[in-house]
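Let me begin by presenting the structure, written as structure tokens, before commenting on it.
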Amino acid sequence: MDNFLVMKDITKVYDNGCMANDHVNFSARQGEIHAICGENGAGKSTLMKMLFGIEQPDEGTITIKGKTVNLSSPTRAIEEGIGMVHQHFMLVPSLTVAENVVLGIEPTSGLHFDMNKAIEMTEEVCKKYNFNINPRARVMDISVGMKQKVEIVKALVKGCEILILDEPTAVLTPQETAELFQQLRALRESGKTIIFISHKLNEVKELCDRVTVIRKGKTIDTFDTAGVTEADISRAMVGVDILLEVEKEPAQPKENVLVVKDLGVYNEAGKKVVKGVSFSVRSGEIVGIAGVEGNGQRELIDAITGLHVYSEGSIKMLDKEVSSENIKGLRKLGMVHVPEDRMTMGIAPKMSIKENMIADKIDDPRYVGRILNKPKEIKEDTDRWIEEFKVLCENGEEQINSLSGGNIQKVVVAREFTSYNRLLVCDQPTRGIDIGASEFIRQKLVEMRDEGKAVLLISADLGEIMNLSDSLLVMHGGEIVAYITDMEHLTEDELGYYMLGVKRMTPEEIGGALHA
Ligand SMILES: Nc1ncnc2c1ncn2[C@@H]1O[C@H](COP(=O)(O)OP(=O)(O)OP(=O)(O)O)[C@@H](O)[C@H]1O
Ligand SMILES: [Mg+2]
């Protein structure tokens, strides 16, 4: 049915005057997977928030199966058969999976919440759609991939016919993505309509039947994905051709900046999750870390950046033991960190863009005098960074909360890249960031490398990590199983074998990662 869902001439102006949608037209068929693509701030999430009743359009109509609907709240949207998995998850961490799934439609027996029934409801949907999750687990204890399944199940339990996924794969590993795609295809088979927002054009090509491109709040066109290339889609998004790979000269590494030796780290449950890890990152090189989530990378990075204590071995930043420094001390040494979870660790949501960018520089005499801040310098520099990092906003005074997801991430990246640094620890630096701005960030990383910075890069984007890294460590089961220096001949398949633990190098080969 071609007019299953029709959003016609939708216009949305936010209170601050930002016209996020300008007469957008979008329609979806029953039983299709339909992508929405566009740059950061193009208006994708806004359009979907209106479909899910979180925001109200100023103009335009929404019809489902030919009937005009008034989606005045998410409750109404759910009644009309719409479900949404948000760009930033909305689960309650302290509750169990089942409790989260039935949130809003809690089953009761007598006056009390009926936990058994909640578990039963969760299990029933999991079984029907082949989702493997534990309804009794606490959300705070489960992986990101699991959390996302919980969000989908939560929508399915409420009987949704239209499922909106806002950048669902940004946080997933390749394996989790493959699993998600299988599940989404099965949902399509069962007649569900899936709206899929993503910056990863290869995934759009692989998964989606059609794609609608939005640019600066306006619909550009809708295409059958089979009939267009990734380059066609990106041209429609941006209006010009863009480079898809960063060019770089071979690295010229110099002295060690970070030295990790025989490191052992235990998680909260007392399990050893990093085992005998040794490597160094030198000035003038980008060292990548690849691995399937949950193989110790998280804890390794947390230990390096001073967020997690380690009991065995040592981590030295410019000859200083990391465990004897606090976060401020590490920053003084020149360690900056683009964290994976930018929404909880990266920003102060109620503060302005400017304040967020300057937050870690309050000791810098350029910005702070003996008594007062120096507003002119702060404004000058933050304005320049906003432009350089392509942060789409009215001005630096705007509250960071009102930015689109990708633009919030750019603020965090800008803040870290512009701080005093000798070592950059970048955890998924381009996640959720559109291709144009990703290109800029990658280019910038290479530039900083060439200026003699040491870069440690963690990325679930295999294309990115293979393109940028001068050498690559692969983690599996808490250990380094490969140290790859011949990046030119590395294939994605081979990397996959190391990541899955099917293949590993000899201890001698891996030992090369530590440049003593
Ligand atoms: N609550 C809000 N208040 C004011 N302006 C907003 C608000 N939410 C979004 N905007 C603005 O509306 C525009 C569209 O934002 P939206 O979140 O829809 O973009 P997006 O296409 O989803 O981008 P991304 O790829 O970065 O997630 C942006 O310019 C953004 O700054
Ligand atoms: Mg968005």
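The values are calculated or read from the model by the stated rules, or taken from the named source; none is laboratory data. What you see is a predicted model; the values in this text were computed from it and never measured. Positions of Cβ are generated from backbone atoms using ideal geometry, with glycine treated the same way; all protein chains shown enter the neighbour counts.
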Before we move on, is Asp262 assigned to a strand (DSSP E or B), free of Cβ contacts under 8 Å to residues at least 24 places away in the same chain and either in the same structural domain as Ala35 (by TED's automatic domain parsing) or charged (D, E, K, R) (or both)? no
So Glu397, is it within 16 Å of ligand 1 (Cβ to nearest atom) and surrounded by fewer than 23 Cβ atoms within 10 Å (Cβ to Cβ): yes
For region 74-94, indicate whether the set of residues that are more than 10 Å from ligand 1 (Cβ to nearest atom) and under 22 Å from Phe223 (Cα atoms) is non-empty. no
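Here is a yes/no grid of residues against (1) more than 22 Å from Val211 (Cβ to Cβ); (2) of a type in the set (Gly, Ala, Ser); (3) under 29 Å from the mean Cα position of the chain (by Cα):
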residue	(1), (2), (3)
Glu39	no, no, yes
Gly43	no, yes, yes
Phe52	no, no, yes
Ile64	no, no, no
Gly17 is checked against (1) within 16 Å of ligand 1 (Cβ to nearest atom); (2) under 27 Å from the mean Cα position of the chain (by Cα) and fails just one. What number does that condition carry? (2)
Limited to region 157-178, what total is found for residues that are more than 16 Å from ligand 2 (Cβ to nearest atom), closer than 20 Å to Asp209 by Cβ and either not assigned by TED's automatic domain parsing to the domain that holds Asp209 or not hydroxyl-bearing (Ser, Thr, Tyr) (or both)? 5
Does at least one position in region 361-383 carry a residue that is in contact with an Asp or Glu (Cβ under 8 Å, 6 or more places away or on another chain), of a type in the set (Ser, Thr, Tyr) and closer than 30 Å to His86 by Cα? no
Restricting the search to region 284-297, which residues are over 24 Å from Lys248 (Cβ atoms) and either part of a strand (DSSP E or B) or in contact with a strand residue (DSSP E or B) (Cβ under 8 Å, 6 or more places away or on another chain) (or both)? Val292, Asn295, Gly296
From the list Thr46, Thr11, which one is buried (at least 22 other Cβ atoms within 10 Å of the Cβ) and either within 28 Å of Gly239 (Cβ to Cβ) or assigned by TED's automatic domain parsing to the domain that holds Gly406 (or both)? Thr46
Pick from Pro429, Pro507: which is of a type outside the set (Phe, Trp, Tyr) and either within 19 Å of Phe389 (Cα to Cα) or in contact with a Pro (Cβ under 7 Å, 6 or more places away or on another chain) (or both)? Pro429
Looking only at region 374-425, filter to residues that are within 16 Å of ligand 2 (Cβ to nearest atom) and outside any helix (DSSP H, G or I); which one of those is farthest from Leu457 (Cα to Cα)? Cys393
Subset of region 428-441 that is surrounded by 22 or more Cβ atoms within 10 Å (Cβ to Cβ) and away from ligand 2 (no atom under 16 Å from the Cβ) - its residue that is farthest from the chain's Cα centre (by Cα): Ile441
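Please list, ordered by residue number, the helices (runs of 4 or more DSSP H) wholly in region 125-243 having 2 or more residues that are within 16 Å of ligand 1 (Cβ to nearest atom), buried (at least 16 other Cβ atoms within 10 Å of the Cβ) and modelled with pLDDT of 95 or more.
Hits in region 125-243: none.
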So, Ser419, is that one within 16 Å of ligand 1 (Cβ to nearest atom) and over 26 Å from His515 (Cα atoms) or not? no
Among Glu203, Glu167, Glu230, the single one that is under 25 Å from the mean Cα position of the chain (by Cα), at positive phi and among the acidic types (Asp, Glu) is Glu167
